[in-house]
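Undergrad: The structure follows.
The values are calculated or read from the model by the stated rules, or taken from the named source; none is laboratory data. Remember, predicted model here, so these are calculated numbers, not experimental data. Cβ coordinates were reconstructed from backbone atoms using ideal geometry, including for glycine residues, and neighbour counts include every protein chain displayed. Each accessible area value is taken on the protein alone, full model and side chains, heavy atoms only, with ligands, DNA and RNA left out. Shrake-Rupley method; radii C 1.70, N 1.55, O 1.52, S 1.80 Å.
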Amino acid sequence: MKVKMLSRNPDDYVRETKLDLQRVPRNYDPALHPFEVPREYVRALNATKLERVFAKPFLASLDGHRDGVNCLAKHPKSLSTVLSGACDGEVKIWNLTTRKCTRTIQAHEGFVRGICTRFCGTSFFTVGDDKTVKQWKMDGPGYGEEEEPLHTILGKTVYTGIDHHWKDAAFATCGQQVDIWDEQRTSPVCSMTWGFDSISSVKFNPIETFLLGSCASDRNIVLYDMRQATPLKKVILDMRTNTICWNPMEAFIFTAANEDYNLYTFDMRALDTPVMVHLDHVSAVLDVDYSPTGKEFVSASFDKSVRIFPVDKSQSREVYHTKRMQHVICVKWTSDSKYIMCGSDEMNIRLWKANASEKLGRDKEEDECLQPLQMNSRCMLHLVHLFAYILYILFISREMNRRKHSKPGSVPIVSERKKHVLAVVK
């Protein structure tokens, strides 16, 4: 007679101490767990929803300006130092750690049109409606000394923007033309123009530092090379571009903020077609700035909102707004890639998290537990964007109906990327 006996090793299920968790035997055969994938999807979806519900992106508001904030600048060496210029000619230097103003300068009569810092961080430059370019010390005056600029250059026309070279003692201004200046001279080293309309913004390339770009009110984006006396090329869009920003990680990529509610990412080697068209804003886009990683950028718009876009996506991943925030004029991404600053015309500078649901301080450990679930949800959340996809299909079908009921050839098929570029001139 055979007797069958069940035998178990106590080491497989008995706890060594009372503090250990109970060991639960599991069979990982997928046939025994038919609902594993749907259950994991629901957990991931709930984790992401909770992340969105409990997100607190707003950190602080920096008050003190008596007029709208027109421009912002970051300190190249200090993460906690920020400079701002207002519409009443006032420049303030802020300490983000204490969230207080450390210094106030009455820099110009009228608007402060532009502000930039020197690459070493020892001084900064401002331009205003009084046709002057002024260089100021970053450190305040000593005891008993008056607040005066290091250098003042009086120009013939109003300057609308300024940017400093990333490595050399040179800077560029724009107005009726683009001027390249040496810090030791009172007249421009080189002046470049292409057309007759005023130029609203000029930016140096952070990688290929001899390249710079500008945008003018005649809908042009013009590229220049400091080593040449003439501009390189220009692209003409449907509507006016307010400003551009170069990608800090890819030398030839830049993004333009346009009046037609969109942003356009271009490769300067092929300007006839944008690399990506970024949608979602419902009014003119006024400013744009890249993350130090080069993978995302933030935009400020006349629609009273700030949006964060991945470089390779047409839709924004985040939108920030408050009840009191009015038209957002300028925006900056901090050098540690963690925070975003925006200045609006109701006299406030607001500080936001770049990742809306990121926990600060002691809550960080709790946030790390949810990260695996949220990573899973990002792989499955294509269903969440179904509504946006349906709207896109409706828009396409409307255009197809218009083409169907029109004279053959009168409504040509044009891709979204090529719709807005009118011409490229070399």
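Undergrad: From the list A229, A251, which residue is open to solvent by 50 Å² or more (accessible area, probe 1.4 Å), of a type outside the set (S, T, N, Q) and outside any strand (DSSP E or B)?
TA: A229
Undergrad: Looking at this structure, is A356 at pLDDT 95 or above, closer than 24 Å to R99 by Cβ and of a type in the set (G, A, S)?
TA: Here the answer is no, as A356 does not meet what is asked.
Undergrad: When you go through L263, L271 one by one, which is the residue that is open to solvent by less than 20 Å² (accessible area, probe 1.4 Å), more than 20 Å from the chain's Cα centre (by Cα) and touching a residue at least 40 places away in the same chain (Cβ under 8 Å)?
TA: One residue alone meets the criteria, L271.
Undergrad: For segment 169-181, state whether one or more residues are within 22 Å of the chain's Cα centre (by Cα) and open to solvent by 50 Å² or more (accessible area, probe 1.4 Å).
TA: Checking segment 169-181: not a single residue is within 22 Å of the chain's Cα centre (by Cα) and open to solvent by 50 Å² or more (accessible area, probe 1.4 Å).
Undergrad: Could you tell me which numbered condition V235 fails, if it satisfies all but one of (1) open to solvent by 40 Å² or more (accessible area, probe 1.4 Å); (2) in a strand (DSSP E or B)?
TA: It fails just one condition, (1).
Undergrad: Name the one entry in R398, R378, R402 that is in a helix (DSSP H, G or I) and modelled with pLDDT of 75 or more.
TA: On inspection, the qualifying residue turns out to be R402.
Undergrad: Here is a further query. Scan segment 53-76 for residues that are more than 28 Å from G161 (Cα to Cα), under 21 Å from the mean Cα position of the chain (by Cα) and either basic (K, R) or not in a loop (DSSP other than H, G, I, E, B) (or both) and jot them down.
TA: K56, F58, L59
Undergrad: Report, ordered by the first and then the second residue, all pairs with beta carbons closer than 9 Å, sequence separation of six or more or different chains, a first member in segment 1-13 that is part of a loop (DSSP other than H, G, I, E, B), and a second member that is surrounded by 10 or more Cβ atoms within 10 Å (Cβ to Cβ).
TA: Y13/R23
Undergrad: I would also like to ask the following. With (1) modelled with pLDDT of 95 or more; (2) over 19 Å from M341 (Cβ atoms) as the list, and S291 as the residue in question, which single condition is left unmet?
TA: (2)
Undergrad: For segment 187-196, what are the residues that are in contact with a Lys or Arg (Cβ under 9 Å, 6 or more places away or on another chain) and either open to solvent by 70 Å² or more (accessible area, probe 1.4 Å) or modelled with pLDDT of 90 or more (or both)?
TA: W194
Quick grid of which residues meet (1) β-branched (V, I, T); (2) touching a residue at least 12 places away in the same chain (Cβ under 8 Å); (3) open to solvent by less than 90 Å² (accessible area, probe 1.4 Å):
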position	(1), (2), (3)
Y41	no, yes, yes
A44	no, yes, yes
K56	no, yes, no
V82	yes, yes, yes
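Undergrad: Among the residues of segment 304-336, write down those that are free of Cβ contacts under 8 Å to residues at least 60 places away in the same chain, of a type in the set (S, T, Y), closer than 21 Å to V53 by Cα and surrounded by fewer than 20 Cβ atoms within 10 Å (Cβ to Cβ).
TA: Across segment 304-336, there are no qualifying residues.
Undergrad: Against the definition (under 25 Å from L212 (Cα atoms), surrounded by fewer than 17 Cβ atoms within 10 Å (Cβ to Cβ) and of a type in the set (A, V, I, L, M)), how does A284 come out, yes or no?
TA: no
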